[in-house]
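Structure first, then comments.
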Amino acid sequence: MADDADLAQAKNEYELAALLARRLPPGPAPTGYCLWCGEPLMDARRWCSAECRDDWERHGKS
């Protein structure tokens with residue numbers, strides 16, 4: 001027979017598995033250029049602006 005600690009652990013494992021299943025994929029890796037407009041980037045960003053990121057999320061995602 002399971003005690004309260006066993007039941008709590010089982011519930012936590014179930015909830016963690018559900019959260020991990022709903023997690024978004026990490027997305028594309030940075031390339032040194034904006035993934036939407038091609039602007040060169042000096043750091044490890046993927047987009048040069050929030051507008052490019054939003055446009056990529058709405059239309060691009062390739």
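Among A44, A17, A29, which one shows the biggest mean-square fluctuation in a GNM of the chain, springs joining Cα atoms closer than 10 Å?
A17
Can you work out the FRET efficiency for the pair H59 and A21, with r the C-beta to C-beta distance and R0 = 22 Å, to the nearest 0.05?
0.25
Please list, ordered by chain and number, the residues whose modelled amide H lies under 5 Å from the amide H of Y33; skip anything fewer than 5 residues away on the same chain.
L41
7 Å from Cα along Cα→Cβ at both A2 and R45: what's the point-to-point distance in nm?
A separation of 4.8 nm, rounded to one decimal place.
Could you tell me which label, among (i) 10.1, 26; (ii) 10.4, 32; (iii) 19.9, 62, carries the value of Rg and Dmax of the Cα atoms in Å calculated for this structure?
Working out Rg and Dmax of the Cα atoms in Å from the coordinates points to (iii).
With an 8 Å cut-off on Cα pairs and a minimum separation of 6 or more residues, tell me the relative contact order of the chain in percent. Intermediate values should be presented prior to the final figure.
Details: 42 pairs, mean separation 12.7, N = 62.
Relative contact order, the chain: 20 percent.
Roughly speaking, to the nearest percent, how much of the chain's 1.4 Å accessible area is carbon and sulfur?
It is 56 percent, rounded to a whole number.
Tell me the angle of helix 4-22 to the major Cα principal axis of the chain, expressed in degrees between 0 and 90 and rounded to the nearest ten.
20
For the chain, what is the accessible area per residue in Å², given a 1.4 Å probe and the full set of protein chains?
With the other protein chains kept in place, the chain gives 86 Å² per residue.
Note down the net charge around P28, summing +1 for each Lys or Arg and -1 for each Asp or Glu among other residues with Cβ under 9 Å from its Cβ. Don't jump to the answer; show the numbers that get you there.
Details: positive: R46, K61; negative: none.
That sum, taken over residues with Cβ under 9 Å, equals +2.
The values are calculated or read from the model by the stated rules, or taken from the named source; none is laboratory data. Nothing here was measured: the structure is a model prediction, and the numbers come from that model. FYI the Cβ positions are ideal-geometry reconstructions off the backbone, even for glycines, and counts take in every protein chain you see. To get the accessible areas, we keep the full protein, side chains included, count just its heavy atoms, and leave off ligands, DNA and RNA. Shrake-Rupley method; radii C 1.70, N 1.55, O 1.52, S 1.80 Å.
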